[in-house]
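The structure under discussion appears below in the form of structure tokens.
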Amino acid sequence: DALSALRESAVARGAEVVAGSARRDGARVAVGDRQLEGDCVVWACGAWTPALFPELVRGTVIQQDVCYFDAGAEWRSPGAPAWGESSRSATGSGDFGGFGLKLGLDTPGPEIDPSSPRRPPVPEQEVEARAYLAHRFPDLANAPLLHTETCQTVILVSGLVEARML
């Protein structure tokens, strides 16, 4: 809903939404056979950034699993908070919409190609998630795992110091 509202707001202010896979075409951007024109271009390409802009960003892409646990009715939101704990590199939230209590840890994972099919969960990452639950929320340490999602994270080796417009 939020993305739809953003899109509608942008279009109402003059933005054009172009569906398709964009690619660099020299100093321009193209979608299909069409070169796009605009005052600026925003590339929001996440894990594909190092491959699309190797002269600007060097990095590798790793898999980090987000775990969703069946924590019971008392962990449903609204009511259950979202949290972030920088000292343990953990974020999470209560159960929104029946998906389960969400827990993500910023821990090393295997290197992956972001264009390859989704990877199966990394068992060690569930073990780390359960260790976090045991430490922070002991009653949830043995909560059933409902599902996982793969987060494709760029580990930056080096990046552009000065931003410039194409």
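The values are calculated or read from the model by the stated rules, or taken from the named source; none is laboratory data. Please read all numbers here as calculations on a predicted model, not as lab measurements. Here the Cβ positions follow ideal geometry from the backbone for every residue, glycine too, while neighbour counts run over all protein chains shown. Please note that ligands, DNA and RNA were not included when accessible areas were found on the heavy atoms of the full protein model with its side chains. Shrake-Rupley method; radii C 1.70, N 1.55, O 1.52, S 1.80 Å.
Just a few scattered comments:
- Among Ala143, Ala12, Ala129, the largest mean-square fluctuation in a Gaussian network model of the chain (Cα springs under 10 Å) belongs to Ala12.
- Look at the dipole of the range 1-69 built from charges on Cβ: of Pro54, Val17, Ala30, the Cα furthest out on the positive end belongs to Pro54.
- Label-reachable residues, the range 118-142, where backbone N falls under 19 Å from a point 7 Å from Ala73's Cα toward its Cβ: 140
- Distance (nanometres) between label positions extended 7 Å along Cα→Cβ at Glu124 and Leu36: 3.8
- Taking packing as the residue-averaged number of other Cβ atoms within 10 angstrom, the listed peptides 134-141, 25-32 run from highest to lowest as 134-141, 25-32.
- Under-5 Å amide H pairs with Arg76, H placed in peptide plane, nonlocal only: Asp95
- Here the range 89-143 is assigned +1 on the Cβ of each Lys and Arg and -1 on the Cβ of each Asp and Glu. Its dipole about the Cα centre then comes out at about 140 debye.
- Accessible surface of the chain [probe 1.4 Å, protein heavy atoms]: carbon and sulfur percent: 55
- Cut-off under 5 Å, modelled amide H: who pairs with Ala71 long-range: Leu101
- In the range 58-166, GluC sites (Glu not before Pro) in a DSSP loop with at most 11 other beta-carbon atoms within 10 Å: Glu162
- In this Cβ point-charge picture (+1 for Lys and Arg, -1 for Asp and Glu), the chain has a dipole of about 260 debye about its Cα centre.
- When the Cα positions of Pro114, Cys40, Leu156 are compared along the charge dipole of the chain, Cys40 comes out farthest toward the positive end, with charges on each C-beta of Lys, Arg, Asp and Glu.
- With 10 Å bins beginning at zero, the pair-distance distribution over Cα atoms of the range 5-116 amounts to 11, 25, 26, 27, 10, 0 %.
- Note: relative contact order over the chain, using C-alpha pairs below 8 Å and six or more positions apart, is 27 percent.
- Between the range 55-73 and the range 110-152, the Cα center-to-center distance that results, in Å: 9
- At a probe radius of 1.4 angstrom, the accessible area of the chain per residue rounds to 67 square angstrom.
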